[in-house]
Structure formats: structure tokens, C-alpha cells
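Notes follow once the structure below has been shown.
The values are calculated or read from the model by the stated rules, or taken from the named source; none is laboratory data. No experiment lies behind these values; they were computed from the predicted model shown. Cβ coordinates were reconstructed from backbone atoms using ideal geometry, including for glycine residues, and neighbour counts include every protein chain displayed. With ligands, DNA and RNA removed, areas are computed over all heavy atoms of the protein, side chains included. Shrake-Rupley method; radii C 1.70, N 1.55, O 1.52, S 1.80 Å.
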Amino acid sequence: MYFKNSISKVISTGTLALWALAVSAQNTDRYAPTAEPDRIVLNVTADPSTSMAVNWRTSDTVSESFAEIAVAEADPRFVSKAKKYKASTQKLVWEDTPAANYHSIIFDNLQPGTKYAYRVGGEGGWSEWIHFTTAGTSDQKLSFIYYGDVQVNISSLWSRVAREAYAKAPDARLAIYAGDLINKANRDAEWGDWFRGGGFIHAMIPAFPTPGNHDHFDTPEGINTTSVFWRPQFTLPENGPKGLEETCYYADVQGVRFISLNSDQVDVSEKWTQVQKEWLEGILKNNPNKWTVITFHHPIFSPKTTRDNKRMRETFKPLFDRYKVDLVLQGHDHTYARGMVNIPMTEKGAQSGTMYVVSVSGPKMTDSNIDRAAWIDRSAMYTQLFHAVNVEGEKLSFDTYTATGELYDAFDLVKQKGKINRIVERIPATASEEFPAEIVRFKPHAGNPVFKGTGDPKTWDEKIRERGYILREGSKYYMWYTGYTKAKGDSMKYLGLATSDDGLKWARHPKNPIHTTLWVEDMSVLKEGNTYYMFAESKNDIAHLLTSTDRIHWKDRGAIDIRLKNGSPLSKGPYGTPAIWKEKGIWYLFYERNDAAVWLATSKDLKTWTNVQDEPVLNAGPEKYDAFAVAFNKIIQYKGLYYAYYHASAFKDWREWTMNVAVSKDLVHWKKYAGNPIVGNDSSSGFPLFDGQQWRFYTMHPDVRVYFPEK
């Protein structure tokens, strides 16, 4: 057996303690150590087919602890064959955390593909007997689990993810954690939550953790380093660069080289960047394995528009390309995104053979600045996920599951001799059938914005506001929009018209503003015969109907009269953001009240509108992205289903908006797209428009932008 003797180059061995940092008080009682072993975790070694590491904790009254191991048998008398080994023990004293002894051992000389039983403890008490199976050979199927950030509410909400993952992949030979295992690096209570959340699973599936920024802290001397708990409680391969032991390392498992990089050290130190670069190139150049999987915390390509890990990308992506890395698993951004087809490449005409994935397994979700960037092939927000990956021969299969065990996304990477990996999309049929990619997956036009306010306070449309509307007639595009000046504030909102031959370059109408007697915004326009019908929000958020025969001159027909289902008037208050649909002689009007929900009323004569039901047809939430505001912008019908495109906000003060979509069979019952938002970054008031060849997508807040389908 091999015993772990080195804990850290920053923290001295023996008593690992000493700094008194000003951090919030910890709950020192809930997870206080006892004489019985707890926090048992299995860890990968450089070769988990012949060895396995295990760590556990006791109170500091237990000066020595042991591990016993035997080949597992159904006959309970196997325990008589168990071999007993003394563990390496080190004491950790940290602030007001109760002193504890951390014990570790590496079982070696094991047989590949064999189930073992082990237990840990001693006179103060023993753990239960726990099973693990060593890795097999490179010709056998390999399964592993990948988790994005765990971080917060671990025992209460991440625990369900860990259990679903174990149910889906009980034969996993390792579990990758892409950083931020907890929120505050040195809070013992949070580590207690992590061990409680994973329970016995931690002791059965070897961990392959990479540290995130929340797993690091700064010492009083200004040295950035991993948590004081990291090395005492994880025994990981010490085959990385000197000074980055057990954070930068690799393991070879059944024909796959798994590599951990310490991206937090890259973020803070040029020295550690270059050290890791040289080390990584060495182990990629001399790699006998068919597949290569790399994990670290800070993404090469970020789903957040406010983040860009340029040093990571410029340092490591050239190596990923040169040595044909297959899969890069990351965290940090608290959302899900993966991409390979549209990854930017240095060489002209080249395509990436590396799949980049960002994910989140815990409940902390990104609230803002998320956009479906060009590199992203598939994404999700406000969704706890885990990933079960299988590698067999020339194929790697990647399955993404939600916290409730539903398959959300899937793809295969297939090896091709002399070529980059071929990707085979396996997006679940229900998702692709209900929400076809061509109407929900868009990428921004490089020339955005295509239209905006003049910026001149002397003009009536210094700024444009909220939802306008675009109709395409023949080969011409007509856009109605609302303009105002900042100087006048909310005094009046005028209606303008712009035209275009391609929907990209717009010319303001010479007679603008075309309507000045009624406050007009958030309009929806439908042409019936020779008449244009505009349903628009007016002052005090009251919906009006206007008509025109030439698109320029509009007559106000008055406020729309909406009645409850029993015929009585609506209660006083706003009803705005009207979205219109007409079918079989019936007009359908979707409207919101205080943006809290969407209702539906119908009419045959455009005079009186009656609610289909007095309850909303779409409510805000419970998803976070639309928790505080929802309003329909446009309805389309596609492949026999109805689609409502709606803007929403995750914030009570509506400081940021997103675009989303829902589907319905009857215009009354709506199902939200699991991939919402389809457009973020505070671009809203949007809708799709068919341009004769494909659906394109326009947003009109705070300026006009166009998006084209992802290929």
C-alpha cells in the first residue's frame, strides 16, 4: 500500500493550520468530527485499474486509523480475507473549526475490472463495507459522470442531482467535478454539505475534481492557493507540475487520458500559466490513449457576454487543436452550453474536432448577460444538469440529463482516421419535434444593430422604445417603431415607419412621425384584405386598435373593450402589449396586465373581446428567467403547432430582458421551451419573420437587431 505523506507546498505538513482570516462564522457543531470515520471519498489514481485512493476524517482524538480491503463476494465470510493497512494521518486545525485528523491511503496491486469491498476506521468505530470496481482495459466500455459547479445549497438541492446521476450511471469509473465544489473555500460547514449531498456515492465512484475560483483563497501573504481542506481530503495523482500538486494532474482510464488544469492559477499568475502549458504539451505529445478529456473551471469560450477568459483560450486552445483533444469540460458560468461545429479556428477553413462544454449541477444559476453566441450548438438556462458519458471503441456518447432525470441533450463523437471527430446529434425527439431548431436557435447578425434611434435630442426619435413590428410584403420590408426624445421623458411616444429591401438596411419614411395624436407603442400589425390592423399599447398601458389602408395614415378606433368570460368589464388597470392572431373568422388577442401574466380574449367583430378563460394562459415563472415579467410579442403557426414568442425578465425591477418561446396545440395551453431564453443580453420585444427562404428573428429593444438560424 502507498500512503499519502505530502499535503501542500504552502501549508506545512503535520498541523495544517494557522492563519486567522476574517471570514463569516462557521457552524462548528453540525459537522463536528467524532471517533467514527466520516467524509469518506474515493479518488482516482494515475491508473485506477490497479490502484485506488480513499480519504476519510475523524476527530483529533483518533491518532491512527486503518483501512481493510478484500475482493467482494456474496458470501459474507469474505471479510476474513480482508487485508488491513494503517493509514497516513495528518491533523488540520483551522480557525473555529473543530480540530480533525484526515486519513488517507492508496490501495495498490489491485486487479483490473474487479469489484472490491473496503472499510475504514479503527477502535473508535468502523465504516460500513463499501464497494468499488477498478477500471478495466482499453478495449472495454468506460462510463463516467461530469458535473458543473456544485457550489451552493448542496445538501438540499445538489444531492438530488448526485442521486439521479448514480441511478443513470452506476457503473461510472470516475466523477469529474469542474470546479467550485463549494462556495467559500475554507468553510468546513460547506464541505460538510458536499459530503452529505453525495453521501455514499462519494465513497463508491472515484472523484476527479478540478478546483474553481471558489475553491481558492488568498493567504495573508497574498498567495492564492487552494482550500486548506483540499489536499487533506482528496488524494489525487501527484504527476503534475511542482507546486500545483493534486490540482493539476492526469489519470489514464480504459484508453482515455483525463487531465485536470488549474485555471484559477492561470487567471492570477503568468508563471503558473506557462508552467501548465509546458506540462500539458508534454503529456499530450506523449499520450498512448485513443481519447483525451480535459477539465478545468474557467471556460475557453464563455456563454456570458461579460466574461472572456482570453489567457486560457490563447494559451491552451492551440494545444487542444494541435493534439486533437476530444472533449473539454468546464464550469464557472452557471448555465449549460456546448459547441463544436462553429468554434473559431486560426487556420482558414479549419473546423474544430474538440467539443467544448460548460455546465452547472448545483442550483446557483446565471441571472444575466447570457446570449446564444455563435460558438454554441445547444444550451439551457435555469436547469440543473449532470452528464453521463460512455466511451467504447471509436465512439464517445455524451448524454445530458436534468435534475429530474430527463434526457435534455445528447451527441456522439466518432473517430475518423486522419480527420477530425464526426459529431452525431442525438437531441431528444420531443425537444426537436416541439421546438424545431430553425425557429428557436438563432445567431446574431454581424452587422447588428441594423436600426436605432438617431441619438440627436433635436429629433423626435432620438431613442426608440420597446416593441415595434415588421411586415414583409412582396420583396419589401415595412417596420413601424416608436420614437421619443429623452428630454421630453414620458410625455409622448410617436409612431414612425422605416422601409428596407433586405430587412437589414433601413430608411426612415420622409413623413415621419406618421402618427402624433395617440401615444403608440408595443404594436402588433395584421393585414386583412386592403386594411392594416394595428393593435398597440397607448398611454397608461391601455391597448387600442388603429387601422390604415396605406401603412402611413392611421385612424384610432379607440381602446379595446375586453370583457371577462361572463361578459362583465375587466377590473380597472392596465392591459397592454397586445399580440394578435386570426383564424377561421375569429380574432385572438393576447394581452398582459402589469407584465405579470398573459391572458387571451377573442372577438368576431373587433368591437367586443371576451376572455377565453379568466385565468392567464401563460404565467410568469416558476422558472427564474421569466419570474417577474412576461408578455407575448408574436404568434406563428409552424408544422401544425402554434408558437408564442415572448419577452420576460428575471428581475423584479425589470432591469434586463430576454426573448423566449412557448408552444401550444390550441392557443390556450402553452408549454415553455426548456432552452429558454433563445436570445439574452437585454435584447427583447422580439419576433420571428419568414423572409421567403428561412425564419429570421428580430429584437427591438433597446435597438433593432436581427438573428439568423444556426446552421
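Worth a mention:
- Angle of helix 159-168 to the longest C-alpha principal axis of the chain, folded into 0 to 90 degrees and rounded to 10: 80°.
- Peptides 382-392, 157-167 ordered by average Cβ neighbours within 10 Å, highest first: 382-392, 157-167
- Rounded percent of accessible protein surface that carbon and sulfur make up, region 232-286, 1.4 Å probe: 43 percent
- Counting charges near K639 (Lys, Arg +1; Asp, Glu -1) among other residues having Cβ under 11 Å from its Cβ returns a value of -3.
- 0 to 90° range, to nearest 10: angle between helix 270-285 axis and the chain longest Cα axis: 80 degrees
- Nearby lysines by direct alpha-carbon distance to K582 (threshold 24 angstrom, same-chain neighbours under 8 apart not counted): K476, K527, K555, K565, K604, K607, K634, K639, K665, K671, K672
- Relative contact order, percent, region 223-297 [alpha-carbon distance under 8 Å, six or more residues apart]: 28 percent
- A simple spin-label model places the labels of V341 and D171 3.1 nm from each other, with each point 7 Å out along Cα-to-Cβ.
- Total formal charge among the other residues, if their Cβ is under 12 angstrom from that of G393, Lys/Arg +1 and Asp/Glu -1: 0
- For region 514-524, 3J(HN,Hα) computed residue by residue from phi via the Karplus equation (6.51, -1.76, 1.60; θ = phi - 60°) reads 8, 8, 10, 8, 10, 4, 10, 7, 6, 8, 9 Hz, glycine and proline entered as x.
- Between E583 and D550, the modelled label-to-label distance comes to 3.6 nm, taking each label 7 Å out from Cα in the direction of the beta carbon.
- Listed by chain and number, the lysines whose C-alpha is less than 23 Å from the C-alpha of K310, apart from same-chain residues fewer than 8 away, are K271, K277, K324, K348, K443.
- Region 129-195 versus region 211-228: alpha-carbon centroid distance in Å: 22 Å
- Largest to smallest in accessible area, the residues W695, W654 fall in the order W654, W695 (1.4 Å probe, all protein chains included).
- Positive end of the dipole of the chain (Cβ unit charges, origin at the Cα centre): among V389, H131, Y673, the Cα lying farthest that way belongs to Y673.
- When the trypsin sites (Lys or Arg not before Pro) in region 337-446 are filtered for DSSP coil states and for at most 11 other beta-carbon atoms within 10 Å of their beta-carbon, the remaining sites are K348, K417, K419.
- Sulfur and carbon atoms: percent of accessible area, region 136-188 [1.4 Å]: 40 percent
- Of all DSSP beta bridges in region 480-636, antiparallel share, percent nearest 5: 90 percent
- Per residue, the accessible area of the chain comes to 39 Å² when a 1.4 Å probe rolls over the protein heavy atoms.
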